[in-house]
Amino acid sequence: MAGSRAGAMPVLGLIALIWVQGSSTVEVGHMLLQSEMVQTRNPTGEFMFEFDKDEIFYVDLEKKQTVWRLPQFAEFTSFEAAAALGNLAVDKFNLGIWIERSKNTSAIPVPPEVSVFSRYPVELGEPNVLICFMNKFFPPSINVTWYKNKMPVVEGVQETDFYPREDGSFRKFHYLTFIPNEEDIYTCSVDHWGLEQTMNKKWDAEVASQPSETSETLVCALGLAFGIIGMIVGTILTIKGMRRNGEQRR
Ligand SMILES: *[C@@H]1O[C@H](CO)[C@@H](O)[C@H](O)[C@H]1NC(C)=O
Ligand SMILES: *[C@@H]1O[C@H](CO)[C@@H](O)[C@H](O)[C@H]1NC(C)=O
């Protein structure tokens with residue numbers, strides 16, 4: 001009897017751990033966000049819709065057309081680019097009033113936090129995508145250049161719009177398709193009004209092979225699980241030992 005109980009309890013400990021981790025992704029409803037921005041810097045405006053923090057579409061202000069980032073939405077809805085242009089014209093008028101009222105006071109720039117990482121786990125020789133992530137900056141005006149071994153790269157490069165953050169700052173992604181090898185060093189070079197000098201974030205295959213935060217978390221969770229199992233097994237053995245002592249005393 002005691003033997004089967006000892007077998008069941010460590011399993012319970014593991015289930016509790018997994019359940020605690022799963023409970024952090026509680027469903028809290030959905031959010032549709034319309035974001036429009038005008039400024040005196042480049043780009044002078046932006047109009048886009050997000051669903052649960054994923055961009056659905058933006059309006060190309062030069063071509064005056066809606067560009068779908070999640071094309072499945074375009075199958076059951078549409079958006080007139082002219083409506084966005086009308087809104088931005090009003091925003092621009094209002095911006096003029098605010099500039100006057102503030103007596104041309106410039107906003108204080110906040111520099112970006114920049115990180116570079118690969119989209120997929122790195123395997124030498126396997127095509128991959130480098131992501132340069134710029135976060136928490138203001139105003140939404142930034143110049144980004146990819147370098148491969150100090151040479152600027154223009155092919156295989158993509159970028160997103162400026163995504164609004166809840167605190168009024170912005171985030172943005174730049175992408176570079178590449179094939180990792182041991183020699184090449186890539187740099188995401190970022191210019192922003194909030195930075196004293198150009199920020200250069202380097203990436204090479206060696207950087208990628210260092211333990212990431214997720215694998216550290218996994219090691220930590222495994223350690224915790226074994227710790228809990230150890231405690232439970234220890235307790236059971238202690239109880240068994242005490243019982244055995246009691247039996248001997250009887
Ligand atoms: C604000 O700037 C505009 C154009 O740059 C200028 O015409 C205007 O006189 C300035 N206003 C003040 C209050 O400095
Ligand atoms: C970005 O580049 C443009 C064109 O060269 C320049 O006018 C602008 O000042 C640059 N912006 C920043 C934030 O460095």
Restricting the stretch 162-187 to residues that are part of a strand (DSSP E or B) and within 19 Å of PRO121 (Cα to Cα), the one nearest to ligand 1 (Cβ to nearest atom) turns out to be HIS174
Can you confirm whether ILE99 is over 23 Å from PHE51 (Cβ atoms), within 16 Å of ligand 2 (Cβ to nearest atom) and of a type outside the set (Ser, Thr, Tyr)? no
Restricting attention to the stretch 61-77, does a residue exist that is more than 16 Å from ligand 2 (Cβ to nearest atom), outside any loop (DSSP other than H, G, I, E, B), touching a residue at least 12 places away in the same chain (Cβ under 8 Å) and within 21 Å of SER169 (Cα to Cα)? no
Matching residues in the stretch 131-159 - criterion: being out of contact with any Ser or Thr (no Cβ under 6 Å at 6 or more places or on another chain), away from ligand 2 (no atom under 12 Å from the Cβ) and not in a loop (DSSP other than H, G, I, E, B): ILE131, CYS132, ASN135, TRP146, LYS148, MET151, VAL153, VAL157, GLN158, GLU159
Among (1) within 16 Å of ligand 1 (Cβ to nearest atom); (2) in the same structural domain as THR40 (by the TED database); (3) surrounded by 11 or more Cβ atoms within 10 Å (Cβ to Cβ), where does ILE97 come up short? (3)
Some residue of the stretch 144-151 being at pLDDT below 95 and out of contact with any strand residue (DSSP E or B) (no Cβ under 7 Å at 6 or more places or on another chain): yes
Every pair of residues 6+ apart whose Cβ atoms lie under 6 Å, when the first sits in the stretch 130-147 and is of a type outside the set (A, V, I, L, M, F, W, C) while the second is near ligand 2 (Cβ under 10 Å from one of its atoms): PRO139/ARG41; SER141/ARG41; SER141/ASN42; ASN143/ASP191
Look at PHE138 and say whether it is modelled with pLDDT of 95 or more and under 30 Å from THR187 (Cβ atoms). yes
Those residues of the stretch 96-122 that are in a loop (DSSP other than H, G, I, E, B), under 22 Å from the mean Cα position of the chain (by Cα) and among the charged types (D, E, K, R) come to a total of 1
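The values are calculated or read from the model by the stated rules, or taken from the named source; none is laboratory data. Being a predicted model, the structure only gives us computed values, none of them experimental. Cβ atoms come from the backbone with ideal geometry, glycine included; neighbour counts cover every protein chain shown.
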